[in-house]
Amino acid sequence: MKAEPMLKDGALQGKTMIVTGGGTGLGRSMVKYFLELGANVVICSRKLDVLEKTANELMQETGGHVLPIACDVRKYNEIEAMLQATLDKFGKVDVLLNNAAGNFVSPTERLSHKAFDVITDIVLKGSYNCTLALGKHWIEQKQPATILNIVTTYAWTGSGYVVPSACAKAGVLAMTRSLASEWAKYGIRSNAIAPGPFPTEGAWTRLFPKQLADKLDPVKRIPVGRFGEHQELANLAAYLVSDYAAFVNGEVVTIDGGEWLYGAGEFNAFDLIPQEMWDAMEKQMRGKGQ
Ligand code: HXC
Ligand code: NAP
């Protein structure tokens, strides 16, 4: 299957968006679609060379406007500077997409406190830093706006081996829902997306190292039998930040092919049982009530 772009042409025309971690992976794919829909996009992360390359490629491919800015989301002053540069270039900002993240798999007892910090600082502190800086600006300017946070399905289930990420994403989820209530009166919506596995270099090199690939095939855990396509996520993100979603506030949309529920349902592993075995078991079980 090849997912098609979903929204009408011009659905994001006139909007300016800041996308953290927009130079690579899912951020880049979402940015591409936002540009195709008419938005101006600021992309930020730590590596300016990566951002500049992405900006040039996407401007060529889409004809849209991209401003690449080096900004470490852990540093509040760098976010304020990014906001000012955005206002200087585009005059306003309408959307914040908190997408930047850091992650690696490890048994928790092997982590140093610094290893824990490095993940929670990028994911939780980075998201609240950006949200606070933009929120203050929007409230002062009396400007309606929207925030979209990329979390994960284990933000609410938790997950072993990625505990700092799970803690941080759970915090971002709590922030999403809290601000949906508190800031709606200022015209600021706050939503989140919880993606299941979507192949990216960033995630795959850190979370599914080669040695694991043969032992644990992540596709086997996904009822629809495949990974997500970037365009599918981009479609959902574009909808949630667009005015079509003006009444959607405080929602977290899961897009994982049914993966997390499959892991949770008591009998879902019975998928492995062949028809002949069902026949035999049915014979054995039926009539036991008499
Ligand atoms: C244990 C580790 C470790 C590991 C690093 N550390 N890797 N500990 N196991 N595998 C420890 C180090 O020893 C150090 O602590 C501390 O972490 C910080 O190390 P640094 O050298 O500063 O970090 P570095 O390893 O260079 O980088 C870590 C990172 C980097 C900052 C997180 O990988 C990064 O920039 N990531 C950004 C992109 C990313 O992670 N993308 C994936 C997102 S995917 P000490 O005490 O020894 O100094 C995602 C998807 C989830 O979130 C859902 C998928 C289905
Ligand atoms: P990715 O390409 O590695 O994206 C992470 C981005 O964050 C990078 O562009 C990185 O750029 C940026 N970043 C890291 N630290 C930063 C910092 N301190 N300041 C600013 N930017 C920083 O991985 P991805 O798979 O596309 O992940 C994107 C988002 O989707 C993340 O929130 C991730 O948790 C989420 N997600 C992904 C999956 C998946 O299957 N891929 C599943 C669920 C959720 P620099 O290195 O240049 O800073």
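None of the figures in this text is laboratory data; all of them are computed from the coordinates on show. Just so we're clear, the structure is a prediction, and the values are computed from it rather than from any experiment. So basically every Cβ, Gly included, is an ideal-geometry build from the backbone, and we count neighbours across all protein chains shown.
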I'm told A100 meets every condition in (1) within 16 Å of ligand 1 (Cβ to nearest atom); (2) over 23 Å from D49 (Cβ atoms); (3) buried (at least 18 other Cβ atoms within 10 Å of the Cβ) except one. Can you identify the failing condition by its number?
(2)
Would you pick out the residues in segment 115-165 that are part of a strand (DSSP E or B) and under 19 Å from A184 (Cβ atoms)?
A145, T146, I147, L148, N149
Output for segment 58-74, where each listed residue is surrounded by 15 or more Cβ atoms within 10 Å (Cβ to Cβ) and not in a helix (DSSP H, G or I):
G64, H65, V66, L67, P68, I69, A70, C71, D72, V73, R74
Which pairs do you get when a residue that is without any contact (Cβ under 8 Å) to a residue 40 or more places away in the chain, found in segment 144-171, comes within reach of a residue that is assigned to a loop (DSSP other than H, G, I, E, B) and within 12 Å of ligand 1 (Cβ to nearest atom), reach meaning Cβ atoms under 9 angstrom, with the pair 6+ apart or on two chains?
S159/T152; S159/T153; A166/T152; A166/S159; A170/V151
Test result for A81, away from ligand 1 (no atom under 16 Å from the Cβ) and in contact with a Pro (Cβ under 9 Å, 6 or more places away or on another chain)
no
Total residues in segment 250-290, condition touching a strand residue (DSSP E or B) at 6+ places or on another chain (Cβ under 9 Å) and either in contact (Cβ under 8 Å) with a residue 60 or more places away in the chain or β-branched (V, I, T) (or both):
8
Checking P199 against (1) surrounded by fewer than 18 Cβ atoms within 10 Å (Cβ to Cβ); (2) within 20 Å of the chain's Cα centre (by Cα); (3) more than 13 Å from ligand 1 (Cβ to nearest atom): exactly one of these is not met. Which one?
(3)
Quick check on my filter: what residues within segment 9-26 are within 15 Å of ligand 2 (Cβ to nearest atom) and either crowded, with 24+ Cβ neighbours inside 10 Å or part of a loop (DSSP other than H, G, I, E, B) (or both)?
I18, V19, T20, G21, G22, G23, T24, L26
The residue that is surrounded by the most Cβ atoms within 10 Å (Cβ to Cβ), considering only those in segment 145-157 that are of a type outside the set (A, V, I, L, M, F, W, C) and closer than 14 Å to P195 by Cα, is T152
Any residue in segment 37-65 that is in contact (Cβ under 8 Å) with a residue 12 or more places away in the chain sitting within a Cβ distance under 7 Å of a residue that is surrounded by 15 or more Cβ atoms within 10 Å (Cβ to Cβ) and among the aromatic types (F, W, Y)? List the pairs, counting only those 6 or more apart or interchain.
N40/F90; V41/F34
Among Y128, Y161, which is out of contact with any strand residue (DSSP E or B) (no Cβ under 8 Å at 6 or more places or on another chain), aromatic (F, W, Y) and more than 16 Å from ligand 1 (Cβ to nearest atom)?
Y128
